[in-house]
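Here's the structure, in structure tokens; my notes come after.
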Amino acid sequence: MTRTMRRALHSAVLTSAALAVTAPQAFAATPVQQSLSKPPAGYVLEESFHGTAAACQTTGRAGVSQNTWIAYFCHQALPFSPFQQLYVKK
């Protein structure tokens, strides 16, 4: 992949992410977004966690093994974002 192609790809990804962030109403009607407005019964957002998918899985497994919570799941907060939200069941 040439340098020009990489720059064009990065620009396209950043533009898509910017559009997704500035137009949240476009994603509000999707079933995935609606299900995220309220986590499943018994699960709460772990406010202290901010990280990527791998870090979310690692933190979730660590919490279960340390008996901090009994279950967890990770969810991608925004489309085109590498960051995840950690929901735990205590």
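The values are calculated or read from the model by the stated rules, or taken from the named source; none is laboratory data. Note that this is a predicted model, so its numbers are computed, not measured. Quick reminder, even Gly has a Cβ in these numbers, built from the backbone with ideal geometry, and neighbours come from all protein chains shown. Surface areas here come from the heavy atoms of the whole protein model, side chains and all, with no ligands, DNA or RNA. Shrake-Rupley method; radii C 1.70, N 1.55, O 1.52, S 1.80 Å.
Some notes on this structure:
- Just so you know, in segment 23-50 the residues that are of a type in the set (A, V, I, L, M, F, W, C) and over 13 Å from the mean Cα position of the chain (by Cα) include one that is modelled with the highest pLDDT, and it is Val44.
- Candidate set: segment 69-88, residues that are in contact with a strand residue (DSSP E or B) (Cβ under 8 Å, 6 or more places away or on another chain) and open to solvent by 70 Å² or more (accessible area, probe 1.4 Å); chosen: the one farthest from Glu46 (Cα to Cα): Pro82
- Number of residues in segment 44-58 that are open to solvent by less than 50 Å² (accessible area, probe 1.4 Å) and in contact with a Phe, Trp or Tyr (Cβ under 9 Å, 6 or more places away or on another chain) equals 5.
- Pairs, first farther than 13 Å from His50 by Cβ and in a strand (DSSP E or B) in segment 63-90, second open to solvent by 80 Å² or more (accessible area, probe 1.4 Å) and not hydroxyl-bearing (Ser, Thr, Tyr), C-beta under 7 Å, six or more apart: Lys89/Ile70
- Within segment 51-73, the set of residues being farther than 17 Å from Lys90 by Cβ and more than 15 Å from the chain's Cα centre (by Cα) is empty.
- Segment 47-62, residues that are in contact with a helix residue (DSSP H, G or I) (Cβ under 8 Å, 6 or more places away or on another chain) and in a loop (DSSP other than H, G, I, E, B): Phe49
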